[in-house]
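Just below is one structure, and these are the notes that go with it.
The values are calculated or read from the model by the stated rules, or taken from the named source; none is laboratory data. As the structure is a prediction and not an experimental result, all values here were calculated from the model. Glycine gets a Cβ as well: all are built from the backbone with ideal geometry, and neighbour counts include every protein chain shown. Heavy atoms of the whole protein, side chains included, go into the accessibility calculation; ligands, DNA and RNA do not. Shrake-Rupley method; radii C 1.70, N 1.55, O 1.52, S 1.80 Å.
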Amino acid sequence: MMYSVKEISVLVNEAIQKRKFPTEPAELYEPLEYIMQLEGKRFRPCLLLLAKNLFSNEICRILSYVYPYS
């Protein structure tokens with residue numbers, strides 16, 4: 001199945017939203033939480049999944065490598 005850019009964008013957004021960082025030390029993980037909420041952090045993963053989708057339908061599996069523990 002060939003995914004559209006919109007569908008891949010939704011998958012990436014869902015993976016980022018599910019990603020949970022530890023709470024301690026707060027000085028380390030609070031900035032990471034903030035940075036990951038920025039829209040610019042979705043461009044490269046979308047490109048990666050679009051490229052992967054050219055050769056394989058297993059794009060959901062690669063999300064576990066891009067955003068582990070999500």
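What a 1.4 Å probe finds exposed on the chain is 63% carbon and sulfur by accessible area, rounded to a whole percent. Can you find, among Tyr34, Ala51, Leu11, the residue sitting farthest towards the positive end of the charge dipole of the chain, where Lys and Arg contribute +1 and Asp and Glu -1 at Cβ? Among Tyr34, Ala51, Leu11, the one farthest towards the positive end of the dipole of the chain is Ala51.
Can you give the percent of C-alpha pairs in the chain whose distance is more than 14 Å? Counting every Cα pair in the chain, those more than 14 Å apart make up 59 percent.
For the chain, the solvent-accessible area with a 1.4 angstrom probe is 75 square angstrom per residue. Taking the C-alpha atoms only, the angle from helix 43-55 to the longest principal axis of the chain is near 30 degrees. Relative to the Cα centre, the charge distribution of the chain, modelled as +1 at Lys and Arg Cβ and -1 at Asp and Glu Cβ, gives a dipole magnitude of about 300 debye.
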